[in-house]
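The values are calculated or read from the model by the stated rules, or taken from the named source; none is laboratory data. From a predicted model like this one, the values you see are computed outputs, not experimental measurements. A quick note on method: Cβ atoms are made from the backbone with ideal geometry, for glycine too, and the neighbour counts reach across all protein chains shown.
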Amino acid sequence: MRARSRAADGHKRAAIAALLRAEDDLAAADVGDEDPSRVWFFQRASLAPETARTLWTLGDCDGALREFNNSVLTRKAGTFSRTHAVALGCMGTV
């Protein structure tokens, strides 16, 4: 979300830096850490559409499509059907 806000403000470098930080933070998270219950679902499939929206805002439609596709392929559609549908809709719009 930080990356997307930076992109919306026209700060491309800051947006890309925020995306890279989010990817690094997610990769460094230890499975089994005592995370608050409100963040248990945030995994690669959750980061992908946020990355896609940021890239879309920056005008990188190919990158946005790639990340929306990653989200669609990795998200558990039965559990997160609304989010899955939103990603498909955004993908179609891009």
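Quick notes
- Among the residues of region 40-65, the one identified as of a type in the set (Lys, Arg) and out of contact with any Ser or Thr (no Cβ under 9 Å at 6 or more places or on another chain) is 53.
- Residue count, region 11-23 (criterion: modelled with pLDDT of 95 or more, over 13 Å from residue 55 (Cβ atoms) and not aliphatic (A, V, I, L, M)): 2
- Pairs with Cβ under 6 Å, 6+ apart, first in region 47-66 and in a loop (DSSP other than H, G, I, E, B), second crowded, with 21+ Cβ neighbours inside 10 Å and of a type in the set (Gly, Ala, Ser): 58/7
Listed here are the residues, each with its yes/no results for (1) small (Gly, Ala, Ser); (2) more than 23 Å from residue 6 (Cα to Cα); (3) in contact with an Asp or Glu (Cβ under 8 Å, 6 or more places away or on another chain); (4) modelled with pLDDT of 80 or more.
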residue	(1), (2), (3), (4)
31	no, yes, no, no
41	no, yes, no, no
44	no, no, no, no
68	no, no, no, yes
74	no, yes, no, yes
82	no, yes, no, yes
85	yes, yes, no, yes
88	no, yes, no, yes
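- Any chance residue 26 is in contact with a helix residue (DSSP H, G or I) (Cβ under 8 Å, 6 or more places away or on another chain) and at pLDDT below 90: yes
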